[in-house]
Amino acid sequence: MTKVNIVIIDDHQLFREGVKRILDFEPTFEVVAEGDDGDEAARIVEHYHPDVVIMDINMPNVNGVEATKQLVDLYPESKVIILSIHDDENYVTHALKTGARGYLLKEMDADTLIEAVKVVAEGGSYLHPKVTHNLVNEFRRLATSGVSSHAQHEVYPEIRRPLHILTRRECEVLQMLADGKSNRGIGESLFISEKTVKNHVSNILQKMNVNDRTQAVVVAIKNGWVEMR
Ligand SMILES: [Mg+2]
């Protein structure tokens, strides 16, 4: 099993230590270096060529967005996951335009962090569940702005659950992904374990032929497979 080499860039030492401790629990992860601003990030990535860089946005000197722009150009093999306290669509869009592969909120739980690193290391992209939900809302706002209720009807066809490819339970899980729920939240709503939720999600991704949950939500919205609520 090859290790995923990870670098953590954040100006708060305590936060870095917390993130490192969580990642160190995963046998396939290795935190190889830490830094506390964007300048240092460039030096560290040049030296270590990590698989994944976890990058805080708000830092002194060179901030995370500037640093990510540089890194993505110079070291495209090192995938960046942005860490932020902001969940609104403007921040997310701005951050993702830099070429970052992931966007996490600092309020995340440990499982979300681990999942994000795994997905991004494997070449996918990962948005925090709440961020996904906000993007869905923004999509709805754009799609319905300035159109009549009749036209809205055309934009939003009747919801047809994709029962031709997914089980009823998988349809429920897919809807909850679009609702912005985490694995834990889905488990609590359906009274099933997180492990079972993860199995459902990986079956959904496989059946829908997509790489990650963000793509699954986008495809589901396009096809009218989920309600936007
Ligand atoms: Mg900071």
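A few comments on the model shown:
- Per the listing Leu74, Leu83, Leu14, the residue uniquely without any contact (Cβ under 8 Å) to a residue 24 or more places away in the chain, out of contact with any helix residue (DSSP H, G or I) (no Cβ under 7 Å at 6 or more places or on another chain) and among the hydrophobic types (A, V, I, L, M, F, W, C) is Leu14.
- Boolean, Thr196 is touching a Leu at 6+ places or on another chain (Cβ under 7 Å) and under 21 Å from Met108 (Cα atoms): no
- Neighbours by Cβ (under 6 Å, 6+ apart or cross-chain): first from region 135-150, under 13 Å from Asn90 (Cβ atoms) and of a type outside the set (Lys, Arg); second at pLDDT 75 or above and not in a helix (DSSP H, G or I): none
So that you can scan it fast, the table gives a plain yes or no per residue for (1) within 24 Å of Leu74 (Cβ to Cβ); (2) among the basic types (Lys, Arg); (3) surrounded by fewer than 16 Cβ atoms within 10 Å (Cβ to Cβ); (4) more than 16 Å from the ligand (Cβ to nearest atom):
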| residue | (1), (2), (3), (4) |
| --- | --- |
| Leu14 | no, no, yes, no |
| Thr28 | no, no, yes, yes |
| Val31 | yes, no, no, yes |
| Asp37 | yes, no, no, no |
| Ala42 | yes, no, no, yes |
| His47 | yes, no, yes, yes |
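- Test for Thr68: is it buried (at least 18 other Cβ atoms within 10 Å of the Cβ), modelled with pLDDT of 90 or more, of a type in the set (S, T, N, Q) and farther than 25 Å from Leu177 by Cα: yes
- Members of region 184-214 that are closer than 13 Å to Thr132 by Cβ and either touching a residue at least 60 places away in the same chain (Cβ under 8 Å) or of a type in the set (D, E, K, R) (or both): Asp212, Arg213, Thr214
The values are calculated or read from the model by the stated rules, or taken from the named source; none is laboratory data. Remember, it's a predicted structure, so these values are computed and weren't measured experimentally. Cβ: placed from backbone, ideal geometry, glycine included. Neighbour counts: every protein chain shown.
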